[in-house]
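Just so you know, all these numbers are worked out from the coordinates, no wet-lab data involved. Treat the numbers as computed from the prediction; the structure is a model and nothing was measured. Here the Cβ positions follow ideal geometry from the backbone for every residue, glycine too, while neighbour counts run over all protein chains shown.
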Amino acid sequence: MPPQAQVTVRSPAKINLGLSVGPPRPDGYHPLATVYQAVALYDDVTATVRDDLEVTVEVVGDFAVDVPTDDSNLAVRAARLLQAEFDVEEGVDLTIRKTIPVAGGMAGGSTDAAATLVACNRLWGLQLSPAELERIATDLGSDVPFCLVGHTALGRGRGEQVTEVMSRGTFHWVFAIADGGLSTPAVFKELDRQRPLRRVEAPEVRPELLSALLSGQPATLAVALSNDLQSAALSLRPELASTLQFGLDQGALAAMISGSGPTCLFLAADSRRAVDLAVELAESGLCRMVRQAEGPVPGARILPAPISR
Ligand code: C5P
């Protein structure tokens, strides 16, 4: 593919259908066995080429004020990493249109980094293969490789080693987005504080989760979901327990903290029930906003260029 002067990439949020966490490694990370699913809640990253070496970022949309625009922004780090590794002699202006909650346990920052890798690969004509992009993604964060591939996948190591998992049909999710975020390191730390570490087993994916995904039945999936980080997230934000219970009382098949939280996720039996649940949650006053999305969906993808005359 030839380079383009402007590219927009759409990249999904992730949820963890199972998240099993082992004891911390010497490098501080926790070994994981997780099943990721990409859901149809997206950030769009537009990259415009610059003829100097600058990398700039502007953030617009629902959560714009919560996102840093300095060098700590993961999308900026992604662009700079590609620039440095491949001696790129151009820069980029990035515009992130955010729909995914920030620090919400849905990989919002990671997916912006994944989108930026895909966008800059095209913008700068680097022609890196998906495998090369995945290798670079690993240096940016544990969830970034999954955001590139999307669909449903098993995550091993610290979450960065992804392999696709078979999943049938479409599942209907509702998300209750809380006020404020939760720091992922703080949630892992709280988990370590709660558990007698010598007794923590190696992380494992529950076989019933994999068979539930193959069945395509939401009721079967509902009883196979699990998240080791849930109790830690709830001890840092106890009020989230009421949100989870409210969703169950309104007919959700399952209610769980998303990743490290504080977003609460609910599995609905079908799309109509997902709408009903979303309306009830929105009216409950228990959360900042409510979103609905189906999964699985693909990872970061270039959008077709707008047609111009
Ligand atoms: O990989 P990433 O930078 O997204 O991780 C953010 C933080 O979450 C890490 O610095 C670490 O504190 C925690 N983490 C962990 N074990 C993992 C993934 C993340 O302890 N497998």
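On full extension, the segment bounded by LEU236 and ILE307 gains 20.7 nm, given 0.36 nm per residue less the C-alpha separation.
Each Lys or Arg adds one and each Asp or Glu subtracts one; over the other residues with Cβ under 13 Å from the Cβ of ASP51, this totals -4. Packing around the peptides 196-202, 168-174, 181-187, taken as the average count of other Cβ atoms within 10 Å per residue, puts them in this order, highest first: 168-174, 181-187, 196-202. Taking a sphere under 10 Å around the Cβ of VAL118 and counting the other residues whose Cβ falls inside, with K and R at +1 and D and E at -1, yields a net charge of +3.
Among ASP66, ASP143, ASP44, a tally of other beta-carbon atoms within 10 Å of each Cβ gives an order, fewest to most, of ASP66, ASP44, ASP143. The calculated Kirkwood hydrodynamic radius for segment 233-293 is 11.5 Å, given to one decimal from all distinct C-alpha pairs. The separation of segment 196-228 from segment 88-163, counted between C-alpha centres, amounts to 26 Å.
Cα axis of helix 240-249 to longest principal axis of the chain: angle in degrees, 0 to 90, nearest 10? Here the helix axis deviates by roughly 70 degrees. Legend: P(r) of the chain from all alpha carbon pair distances, 20 Å bins from 0, whole percents, reading 34, 57, 9, 0.
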